[in-house]
Amino acid sequence: MAIENPYFKITFNSAGEIDIILDKRTGEERRVSVEYFFYPTRRSGAYIFRTDQKEANKVVNNDLRIHILKGSVLQQATIYGSQQQIVRLYNTEDPELGRFIEVIHQVVPNGPNTELIVRYNTDMETSTLYSDNGIELRQRTIRSMGIIKPEANYFPTNHCIYQRSDICVHCAHSAAIWCHFRQQGKT
């Protein structure tokens, strides 16, 4: 199962999850997966993240179903489960519309005092990313998770996050990002 436009081809595995993103212009393939987690928190807020747990609890997305829509304007995959995800590509040569992948997460809150996390696992390795504070982009250094708490790698953002020049996430509303190092093949 796949959706594509002149710039990208996104392949989904048999479970209905994103598996490979192919950049059709360069031939470069990226392995990608998306997972949902949550942390029980105490006194969290827009710029505060506090938890007593080092590891997040995984939200199990059982019985995933995928619906592929292919039209002249766009191609879209809707993944149904306990959390819903829409992945969309626009069928255009125009780089302003065609050169990005739109992903919409429709998530169900896991109760009060919890922070929901959408984690993108990729095969890219970096220890630096950039996020905005509403005025400027700030460089963020991802710290190793050896002895530090998860909140040490929690960064608020208002508009966008980017890693190198090939990955940029634009947010429709204020959000936060949480990052950690890939270690021995794990994210």
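The values are calculated or read from the model by the stated rules, or taken from the named source; none is laboratory data. Bear in mind the structure is a predicted one, so any value in this text is a computation, not a measurement. Quick reminder, even Gly has a Cβ in these numbers, built from the backbone with ideal geometry, and neighbours come from all protein chains shown.
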*Residue by residue through region 96-136, note down the ones that are aliphatic (A, V, I, L, M), part of a strand (DSSP E or B) and at pLDDT 80 or above.*
VAL103, ILE104
*Identify, please: which residue in region 1-15 is among the small types (Gly, Ala, Ser) and over 20 Å from GLY71 (Cα atoms) and is, among those, surrounded by the most Cβ atoms within 10 Å (Cβ to Cβ)?*
ALA15
*Could you pull out the residue among THR51, THR78 that is at pLDDT below 90, surrounded by 12 or more Cβ atoms within 10 Å (Cβ to Cβ) and not small (Gly, Ala, Ser)?*
THR51
*With respect to ASN61, determine if the residue is surrounded by 12 or more Cβ atoms within 10 Å (Cβ to Cβ), out of contact with any strand residue (DSSP E or B) (no Cβ under 6 Å at 6 or more places or on another chain) and without any contact (Cβ under 8 Å) to a residue 40 or more places away in the chain.*
yes
_Looking at the structure I just gave you, is TYR130 touching a strand residue (DSSP E or B) at 6+ places or on another chain (Cβ under 6 Å), of a type in the set (Phe, Trp, Tyr) and either surrounded by fewer than 15 Cβ atoms within 10 Å (Cβ to Cβ) or farther than 27 Å from ASN57 by Cα (or both)?_
no
